[in-house]
Each structure stands twice: as C-alpha cells, then as structure tokens.
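What follows is a set of notes on a single structure, which appears directly below.
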Amino acid sequence: MIVRPALWVLCAALALCGTEQAAGPDKPASAEDTLPLNYTPPPDSDEAGLWMTSGQLERSFQTSPLLVRDPALNAYVKRVVCKLVPERCDSIRIYILDVPYFNAAMSPNGTMQVWTGLLLRAHNEAQLAFILGHETSHYLLRHTVSLWRRARDTSGFAAFFTIATAGVGALATFAMMDSLMAYSRDEEREADARGLELATAAGYEPEQNAFLWRELLAEEKTIPKHEGIFEFTNNHPDTQERMATMTKRAGELEPTHNDWVVGTDDYRKATAAFRERWLEEDLGLGHYDASLLLINNLLLDEPNSGELKYFQGEIYRRRNAEGDAQKAMDAYHVAIADGGAPAAVYRGLGLSEMKAGDKASARQAFVQYLAAAPTADDRAMIEYYLSHL
Amino acid sequence: MKISRVKIALCIVLLAASMGGCANTKDFKAQGVAFDWSQTEKKVLIVQPDLTLGELTAGGMVEPRADWTQSARTYLASNLQSFMSKKGVATVPLDNLTDAHEIQLAKLHSAVGGAILIHAYGPLKLPTKTTALDWTLGPGTQVMRDRYGADYAMFLYVYDTYTSAGRGAVIAGSVVLCAFTGICPAVQGGSQVAFVSLVDLRTGNIVWFNLLSSASGDLRDDKDAGKFVDTILKDMPL
C-alpha cells in the first residue's frame, strides 16, 4: 500500500508512509536539518506531542498480533538499517508487521514499520536497503514535524478563509490540499535523494532501486483504483517523470563502482522460511492479476522453484479465467517435477483434476496429498471428496 | 489500531455536543450492585488512564501536547488517590502498562467503553440491554486481582483539548459572521470528555460507568484536576 501522506492527517500525525518514491536531483538537505544524535524534543514542543503519539502507536505494535517476532528475521532487517546509518543503529526500532501490502513507514520517534508484503516483493538486500534508506531519511530530516506544521498552518488558513468568504472557500480548500501534496512530494524527493546517498554509500547497487519500483508500478496498474489499495496511481502527473529521474540517477551512479552489493543469497536465506506464508496471504487478497505479476517477477530470479510454480498454479486455479484450468494443472505438474513445492500442490492438482472430470487422477492426487500432509486442516474435506470419487 | 481511538473520540465529541454546555455527567449502575470486599482493607486498582491533552489549532486539528499530558497524568493520579482515601478506599496505582495481557485489558476497556457510549448513551439502544448497566470485560481480569490484591479496578479515558489563540479568532469570526449574515458555521472550541469504569476484577463486569463532558476545566492545573475527579466520581456508589 502506498499512502499519500498529505491526504491522511492520521498518517501525517503518526508516520510518513514513505514508499511514495521519487529520485530527484534536488539539493540534498543540509547537515543542520538532520536530527541530532540522541535527540529528545523539548517537552513543550509540538514535536514532543508527535513523539508522544508515536509512542502510543509503538506500544500498540509491541502487543499486536501482527508483529513478526522471529529473532533472526528481525536481526537481519536491523542489520541492513545499521549498515546504512551505523550511528543511529540503536535509535531506530524496527517492527515487522504481518500485513500483505507493500509498505514501510517511519514515525518521528524512530519507530520503523516494515510490512511483510514489502519483504515478499523485494528480490534482494539492496532493494530492501533502498526502501529502508528512504524511510530512515524521513526520520533524519524530521519530515513528520515539518509536514505536521504545514498541515496545521495551512488548514488554519483554510478555516479562516472559509469563514471570511462564507462558504465560497470550499474550492480554495481543495486548492490548499493540493499545495499540501505538492510540498509533501518535495519531502519525498528529499528522502529519496538522501536515501539513495545512504544506500549507495553502504555499497548497494543503485540499479536495484529503480528495478523494484518499475515492478511495483506495473503491479499497481492491475488493481482496480476503486479498491484504494494503491493510493498512488500511475495517472499521477509526475510519477512517470520521477520514474525517469530515478532510472537516470541509477544509470549515472552505476559506473562509479564495479563492486556493488546486491545480496540476493543473504536475502533469500533470511526470508525463505516465511515466503510460503507471505505468498499465501498475498493470494488471500484476491488480486490474482497482481499476484500473477508478482509470482512471475519472482520466477525470473528462481525459474526452478517448485514453491513459486505451485503458487502460480494456485493463482490460475483460483482466478479461473478462460484457459486457467489447464494452466493451473501445467504449473502444478512443473512444481512437482521441480521439487520444493508444499504438499498442497497435490491438493491443487486433485481439485483441478476433479473439476476436469478425471476421477482417477484426482483420487491419486488427493491420496498423495494426505500422505504428504497427514495432519492437514482440511483432511476431512479431502476424505469427503475421496469418498465421492 | 488508531481507528477505534478516533471513533471513540468522535463519538464522545458528538455526545458531548448533544449533552450541551458546562460540566455534565450521566452515570449508569449495574443492576443490584453491592460492593463485596474480600479483605477488611478496601483496595481499588487504578489502571493508568488512557489520556491525551492537545491544543485545538485554528484549522481544527488537535495538536497533541506531551508536557500537558504529563502534568495531567501526575495531577490526576494524586487527586484520584486522595479522593478514594476520603472514601476509605486504598488505591494501587498501575502505571506504565508493560504486561501484554494488561495492555489488552486496557484496550478492551476503551473498546467496551466506546460501545457503552454508543448503545447506552447514544441513540442505538440494544433490545437486550435495558436501563441497567450490563457490560463486561470478561473473567480475564482475575489475573489483575491475583497480582495486585484489589477486588475492583478503575479504568479512565480522557480526551481533553484546549482552544488555541488562532482557534479563538476563528470562533470570534464565526460569531461576527453569524450576526451580520445569518450564516452560522459550527466552530467548536476546546472541550473535555472522559469516561470512567469501575470493574469487578472477579468477573470483569463493569459495575459503574460515568461519562463527563465539559467545555471548561483544566487538567493542567492541580486544583482543576481535583474538581474534575470530584465531578466524575461524585455519584460513584462506593
């Protein structure tokens, strides 16, 4: 989920949802704008109020059922942040939340949310590093505070204006909101510039930044706008321009080193144990076209992954568009041949064969499923099918 | 996570508006409530209040204030303690909630309190719940009783905003506009809304509940915090 901050007062108050991304040649923020080390805001300041609210949010993360507590995964993500900003390693607290959308967000007090939908979509450590670098930059540059002050002051002006013009001000209010968004886009650009600096200084390959964003925008296009999952649409006037700038910037930086870090193996090792669950959750959203793009993107890196092939089959089977039934069966067969697919691949195959009317093949697949997963939750259902085949 | 908080605040603001001007309270008791103390020393656990103080800006946004919230926390704690001791009840403060189960109970209270506001105070009456208070946090509260040795716990929710100079100017402007043109935009000033529950920790049942709404009162001041406590706990059947 890509949330446009200025539209969401709540978001403004709590966290900058910084996945709205752009790389611009904008001037990097100067050193004096940067949050001092071990900083605590003066108690009577608006900033302290924002930190207090962030603290409430942070406490709710600590007891949230969505919190992913796995120590190894947490240590891995933290290690990437620490590579980017070693001196802030202890001031940034990471909360991995089991939410199947693409997002990361940073609160002004140093609370960073990383959603599992993001971890699922990144291909390697470098891509993760660019996003975390962007988020960290919002924190370093205290963007929530500037965003809050602007929203407060602009909405104050809007209220005066509405009174002064006795209701005629409604349009002006809209215009005001637009200017708010324009400012926040500047902040996004600034965070991108600083994020790119941080991640490339840590040695991560700049091309990876643009690569992930191209994939995301393609995926976003497949989801109906009215579902509101991706706030940030392609129709947005300067998205294409930003994409172009980002690609250009990556192209400029790329030749400056020849030993860029991509970190594919480390990334896979850190996330392998969770991927099946994350893919299952993504599938559960019912955005089959988007899921298919995602799976195909992941298959580019791992063409022989039985796990990914199984999910490809599941997407086809559940989407159930014309020709999908055959595609699903083909994918299940490849998944079984490649190895590494979950036992449910036999269930998928059995359901597909049953639907196609091939009772013998369906029976065989269901029997294999129960043999491979004797304690499956849906055992009773499968046995019922078997009794009718 | 935040949504429910916002919903509660919104609901409270609407209720406060419907209840009108100065400090108003309206309480509910559970049917046939009789306090039952297991020890000669009566003890009530005071769960850290869910408390936010903020400044209502000219545009109507509430800017949370950490310093005000902190002072209010201190003043409320001492005033609650002295109010209860006058009633011959000892208090056990439960500050800095860190235990996951206790945090969940505090959140549950905010959620149940929100439901009480909607269904007992608001227009959405439930056919199964008549005049007496019939709400519970469930027997999960027993853990608190075992841990702190108190038979009852008090949960408090306070949302308190203060009009900034800018907001004051907008209100003044709207009054002038209203006088001259007859167009009267509703511009609200700062307000104080709070609800409190007394919970029997053996059953989790809410035995007494009160809602307070007020356009005056200042929790940043020790004396005013004392008045707030006196007002909201006035009809507590202890």
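The values are calculated or read from the model by the stated rules, or taken from the named source; none is laboratory data. Predicted model only: the values in this text are computed from it and were never measured. Quick reminder, even Gly has a Cβ in these numbers, built from the backbone with ideal geometry, and neighbours come from all protein chains shown. Please note that ligands, DNA and RNA were not included when accessible areas were found on the heavy atoms of the full protein model with its side chains. Shrake-Rupley method; radii C 1.70, N 1.55, O 1.52, S 1.80 Å.
Reported count of residues in the range A:100-132, each being more than 18 Å from residue A:89 (Cβ to Cβ), under 9 Å from the mean Cα position of the chain (by Cα) and not polar (S, T, N, Q), is 10. Scanning the range B:163-180 turns up no residue that is in contact with an Asp or Glu (Cβ under 9 Å, 6 or more places away or on another chain) and at pLDDT 90 or above. Scanning the range A:252-272 for residues that are under 17 Å from residue A:127 (Cβ atoms), without any contact (Cβ under 8 Å) to a residue 24 or more places away in the chain and not basic (Lys, Arg) turns up A:265, A:272. Pairs linking a residue in the range B:152-173 that is within 12 Å of another protein chain (Cβ to nearest Cβ) and farther than 30 Å from residue B:77 by Cβ to a residue that is open to solvent by 30 Å² or more (accessible area, probe 1.4 Å) and of a type outside the set (Gly, Ala, Ser), with Cβ atoms under 8 Å and 6 or more positions apart or on different chains, are B:169/A:160; B:170/A:160; B:170/B:187; B:171/B:163; B:171/B:187; B:173/A:160.
All of (1) within 14 Å of chain B (Cβ to nearest Cβ); (2) open to solvent by less than 20 Å² (accessible area, probe 1.4 Å); (3) out of contact with any Cys (no Cβ under 7 Å at 6 or more places or on another chain); (4) not β-branched (Val, Ile, Thr) hold for residue A:69 with one exception: (2). Reported count of residues in the range A:278-291, each being open to solvent by 20 Å² or more (accessible area, probe 1.4 Å) and either assigned by TED's automatic domain parsing to the domain that holds residue A:98 or without any contact (Cβ under 8 Å) to a residue 40 or more places away in the chain (or both), is 3.
Does the range A:87-99 include one or more residues that are assigned by TED's automatic domain parsing to the domain that holds residue A:128, part of a helix (DSSP H, G or I) and open to solvent by 20 Å² or more (accessible area, probe 1.4 Å)? Checking the range A:87-99: at least one residue is assigned by TED's automatic domain parsing to the domain that holds residue A:128, part of a helix (DSSP H, G or I) and open to solvent by 20 Å² or more (accessible area, probe 1.4 Å). Of the numbered criteria (1) more than 14 Å from chain A (Cβ to nearest Cβ); (2) open to solvent by less than 60 Å² (accessible area, probe 1.4 Å), the one residue B:81 fails is (2). For the range A:292-317, filtering for residues that are over 16 Å from the mean Cα position of the chain (by Cα) and open to solvent by less than 10 Å² (accessible area, probe 1.4 Å) leaves 7. For the range A:44-57, the count of residues that are away from every other protein chain (no Cβ under 14 Å) and more than 30 Å from residue A:288 (Cβ to Cβ) is zero.
Residues of the range B:122-141 include none that is within 13 Å of chain A (Cβ to nearest Cβ), in contact (Cβ under 8 Å) with a residue 40 or more places away in the chain and assigned to a helix (DSSP H, G or I).
Out of the residues in the range B:192-223 that are among the polar types (S, T, N, Q) and part of a strand (DSSP E or B), which is most open to solvent (accessible area, probe 1.4 Å)? That would be B:205. Could you please let me know if residue A:121 is closer than 30 Å to residue A:308 by Cβ, basic (Lys, Arg), at pLDDT 85 or above and buried (at least 17 other Cβ atoms within 10 Å of the Cβ)? Judged against the criteria, residue A:121 is a match.
Results for (1) hydroxyl-bearing (Ser, Thr, Tyr); (2) in contact with a helix residue (DSSP H, G or I) (Cβ under 8 Å, 6 or more places away or on another chain); (3) in a helix (DSSP H, G or I); (4) modelled with pLDDT under 90, shown as yes or no for each residue.
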residue	(1), (2), (3), (4)
A:215	no, yes, yes, yes
A:248	no, no, yes, yes
A:253	no, yes, yes, no
A:271	yes, yes, yes, no
A:279	no, yes, yes, no
A:282	no, yes, yes, no
A:291	yes, yes, yes, no
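Quick check: is even one residue across the range A:335-351 open to solvent by less than 20 Å² (accessible area, probe 1.4 Å), more than 30 Å from residue A:115 (Cα to Cα) and out of contact with any Lys or Arg (no Cβ under 7 Å at 6 or more places or on another chain)? Yes, the range A:335-351 contains a residue that is open to solvent by less than 20 Å² (accessible area, probe 1.4 Å), more than 30 Å from residue A:115 (Cα to Cα) and out of contact with any Lys or Arg (no Cβ under 7 Å at 6 or more places or on another chain).
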